[in-house]
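Working notes, beginning with the structure itself.
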Amino acid sequence: MSDQVDATNRILREGGVLPPVELVEESKAEERPEMQRIRIPGRNRTIGEFAKDVGQVMCQNGIYLRGEVPMVLNKQDKKLREMTASAFRSYVDNHASLFYFESAGKDEMPREVRVSMAKDIAGDTLRSFNFLDLQRQIRRINSVRMPAMRADGRIDLLAEGYDHESKILSVDSGLPVYEEMEIDEARRVMIDFFKGFDFEGKDKETGKSRSLDAHMAGMLTPFCLGLLSPLALVPMFIYTANTRRGGKTLLVKSILYTCYGTAPASSFGKDEEELRKILDTKALSAASYIFFDNVKRKVSSGFLEAFLTQPTWGGRTMATQKDFGVDKQTIIYVTSNHVKTSDDIAGRALFVDLFVETTDVQTREFPVVIDDSYLVQPTVRHTLLSAMWSMVKHWDRSGRPVGKKKLVSFEEWSRVVGGIVMAAGFGDPVETPKLVFGNTDWPDMVELVTDLAAGLIADAEVRTVEHKMDRIVEICVEKDLFVDRIDGRWVRPKEEPAYFELKKSSSIQFGQLLKEYVGRIFDVPGAGKVFFGRRGSKNWRRFQIERA
């Protein structure tokens, strides 16, 4: 600035026309961080040179790669977000001082002018190999400290920050160092914590059950992902109950709050295209899990089957529509009443079954009220994490025994996670459940017949009870039975009781389903063996339950 301009500005300030200059205290000036100066592209300065200089700064300041897509950590939800050209402009300004040379007078040296990069330069930089080759690839984000298997076979609890060997970023959880327990204490912590849940087949004395074993595997899988090789596959976990509010969602939340501090659920998607978008987004962002809660429709999807059995996933970014390909180990959790799956999905999943004996879930009593507020407490998370870390340490000291059975396509997971669960004193999580899952309607039919036989249970003298088709449909709607078969709407006349009206196609399909079970004998608690039949030969409007 010239002497004449300085003098003019001084006069204007003294006259009150311009505000006085705020002098920066020397101590405050010294506190300003020293940022690297980077000249923007221009004359005698190529975009490649600029991209390399920016890349050297950004690789130390929060830019990571998923495949070839630059990502940045969102500090609020601790998830990766794709870095766009617009956002990159201001992001770089926070970590480097960009400038260009402005010509001055004939006898004066060019002046440095600080600027933000233009949007096209930002986009070109993000696509430049000079920039991309300098950035750190990231496999996963850990919300708490989790173990990892080193190349020499050691098991380390990862420190906070980016780990170059595992390519895992561990963020600050705020939790204290884990306590190491004896294995009996760690097992008791888990059994006591979940003793209020009605796991199917639970032993009343020990609290153990096959479903608890599968749930333990569901808890340890996210904690132990670092013990698996980068391309190892992990199965899906499906939580199902015989009634609403059976506790299946809370069980999944106990895993997610413990390991991640949050438990947001995703929609299963109304069709394949919507589901594919969810899978693409989660894979690209290095999401550790997907939680599909209260799924109403049949769990059957070609995309989901491929996602579970492919160690890498390719798709398209939402922001630029560019193709991407990334390694992933995303765990999928599903909750559903009376779940229906395809055979292929059933072979890729572990099932956790809840069976609530009482008809009124409100009457159940829990030693501790377990809800979101309780699960997110640091002391609760710390206790469960300490128990899991103790189980891993015990498995390591015991010579790393492998799991008894292997889940096809998930052999490495079966050896490691199955081995840790069994070494801790639980059963084999890969054990086949008693209920038959897949495309069968048998579990729903058993519950329907049990409900229809209520009259026989109440009075031992009654031999036969009869029900109209409308009542059978109402029971199915109320209890979420045959959810992929029942399609219709509630009709509420002014002067008459409401009823559920099936669509014509659904009525035909449901009638054919019931026909398949006519003549079958069911074993109903309290009533013994009963016979399922029908009355009349037209329209299938009445069905009866008769003591066999």
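The values are calculated or read from the model by the stated rules, or taken from the named source; none is laboratory data. Just so we're clear, the structure is a prediction, and the values are computed from it rather than from any experiment. For neighbour counting, all protein chains shown are included, and Cβ atoms are generated from backbone atoms with ideal geometry for every residue, glycine included.
Numbers below:
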item: Residue identified as closer than 21 Å to Leu228 by Cβ, modelled with pLDDT under 95 and not in a strand (DSSP E or B) among Val339, Val408, Val392, Val369; result: Val408
item: Condition check for Asp172: without any contact (Cβ under 8 Å) to a residue 60 or more places away in the chain and not in a loop (DSSP other than H, G, I, E, B); result: no
item: Region 413-449 - residue that is among the β-branched types (Val, Ile, Thr) and at pLDDT 90 or above and, of those, farthest from the chain's Cα centre (by Cα); result: Val449
item: Residue check, Arg276 more than 11 Å from the chain's Cα centre (by Cα), modelled with pLDDT of 90 or more and under 27 Å from Thr243 (Cβ atoms); result: no
item: Qualifying residue in region 202-215 (condition: within 19 Å of the chain's Cα centre (by Cα) and either without any contact (Cβ under 8 Å) to a residue 24 or more places away in the chain or buried (at least 18 other Cβ atoms within 10 Å of the Cβ) (or both)); result: yes
item: Selected residue (only one of Gly325, Gly347 is surrounded by fewer than 17 Cβ atoms within 10 Å (Cβ to Cβ) and among the small types (Gly, Ala, Ser)); result: Gly325
item: Entirely in region 52-144, the strands (runs of 3 or more DSSP E) that have 1 or more residues that are out of contact with any Asp or Glu (no Cβ under 6 Å at 6 or more places or on another chain) and either in the same structural domain as Ile255 (by TED's automatic domain parsing) or under 25 Å from Glu165 (Cβ atoms) (or both); result: 63-66, 69-74, 79-82, 140-142
item: Qualifying positions in region 306-353 - closer than 20 Å to Ala214 by Cβ and out of contact with any strand residue (DSSP E or B) (no Cβ under 8 Å at 6 or more places or on another chain); result: Thr309, Asp343, Asp344, Ala346, Gly347
item: Residues satisfying the stated conditions in region 488-520, i.e. within 26 Å of Ile545 (Cα to Cα) and among the acidic types (Asp, Glu); result: Glu501, Glu516
item: Helices (runs of 4 or more DSSP H) lying entirely in region 232-310 (those with 3 or more residues that are touching a Phe, Trp or Tyr at 6+ places or on another chain (Cβ under 6 Å)); result: 248-260, 272-284
item: Number of the condition not met by Ile486 [criteria: (1) out of contact with any Cys (no Cβ under 7 Å at 6 or more places or on another chain); (2) outside any strand (DSSP E or B); (3) touching a residue at least 12 places away in the same chain (Cβ under 8 Å); (4) among the β-branched types (Val, Ile, Thr)]; result: (1)
